[in-house]
1. Could you check how many residues of segment 109-136 are under 20 Å from residue 79 (Cα atoms) and in contact with an Asp or Glu (Cβ under 6 Å, 6 or more places away or on another chain)?
2. Please enumerate the residues belonging to segment 104-159 that are over 16 Å from the mean Cα position of the chain (by Cα) and assigned to a loop (DSSP other than H, G, I, E, B).
3. For residue 90, state whether it is under 16 Å from residue 13 (Cα atoms) and among the acidic types (Asp, Glu).
4. Between a first residue in segment 139-159 that is in contact (Cβ under 8 Å) with a residue 12 or more places away in the chain and a second residue that is surrounded by 10 or more Cβ atoms within 10 Å (Cβ to Cβ), which pairs have beta carbons less than 7 Å apart while being 6 or more apart in sequence or on different chains?
5. Going through segment 5-24 one residue at a time, which ones are of a type in the set (Asp, Glu) and surrounded by 20 or more Cβ atoms within 10 Å (Cβ to Cβ)?
6. Just give me the residues in segment 82-96 being closer than 24 Å to residue 32 by Cβ and surrounded by fewer than 19 Cβ atoms within 10 Å (Cβ to Cβ), in sequence order.
7. Are any residues in segment 91-103 of a type outside the set (A, V, I, L, M, F, W, C), in a loop (DSSP other than H, G, I, E, B) and either touching a helix residue (DSSP H, G or I) at 6+ places or on another chain (Cβ under 6 Å) or more than 15 Å from residue 69 (Cα to Cα) (or both), and if so, which ones?
8. Go through segment 38-73 and report how many residues are in contact (Cβ under 8 Å) with a residue 24 or more places away in the chain and within 22 Å of residue 128 (Cα to Cα).
Amino acid sequence: MDSMAIIIMGSERDLEFSREIAKYLKLLGVTFEFRVASAHKTPLVVLDILKEFENQKVVYVTVAGRSNALSAFIDGNTASPVIAVPPYSEKYGGTDIYSSLRVPSGIGSVVTIEPEGAAIAVAKILALNDTALLDNVKAYQDNKKQELERANESVKKLK
C-alpha cells in the first residue's frame, strides 16, 4: 500500500461522523484506517500511532470535538499533513470549532467541517504522487460539475 489516510478519533463517539469521511474516501479510491486516541487522555497512544506510520505516505484526518487538542498535537509531532474535521455540535452552537482554528505557532493543520471536503483534501494531497488517484479526483470533480449542468438544464425549463 503506497499511501493512505489515517482517521484518528478523539473517542468512539466520533465513529459515525468518521464513517462519513470514509464513505467519500472510498468513492475517491483512498485507502484508510480508523484509530481512537486522545491528546488529553492517551497522548502516548497518539505518539505510538504516529510512530506506526512514520515511514509511510499518510495524511492524518483528526475528528475531535469540544477542545480539539488532537489535531495540533498530531501536527506538532509529525511531518505528514493533518486535516482537522471537528464534528459540528449543536450543544455549543458551533463555537467549539475555535479549538481547531486557534492553534499554537508552528502548527500547520488545516480545518474543514465537511466530511466530503476532508476526503477531497486527502485525495488531492495523496494524488501529488499518484496519477491514478489524481484521475479519480478529476473524475469526481467532473461528476460534480455535470450534476450542476443537469440541474441547470432542469430548472431552465421551469416557469
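Taken together, the values in this text are just the output of simple stated rules run on the coordinates, not laboratory data. Computed from a predicted model, the values in this text were never measured in an experiment. Because the Cβ atoms are built from the backbone with ideal geometry, glycine has one as well, and the counts that use them run over all protein chains shown.
1. Residues that pass the stated criteria total 1.
2. Correct list: 104, 105, 106, 107, 130, 157, 158, 159.
3. Values: under 16 Å from residue 13 (Cα atoms): yes; among the acidic types (Asp, Glu): yes.
Spelling it out, residue 90 is indeed under 16 Å from residue 13 (Cα atoms) and among the acidic types (Asp, Glu).
4. Within 7 Å, the pairs are 140/27; 140/28.
5. Pass one, segment 5-24, residues of a type in the set (Asp, Glu): 12, 14, 16, 20.
Once the filter is applied, which keeps residues that are of a type in the set (Asp, Glu) and surrounded by 20 or more Cβ atoms within 10 Å (Cβ to Cβ), segment 5-24 yields only 14.
6. 88, 89 - these are the residues of segment 82-96 that are closer than 24 Å to residue 32 by Cβ and surrounded by fewer than 19 Cβ atoms within 10 Å (Cβ to Cβ).
7. 93, 94
8. 10
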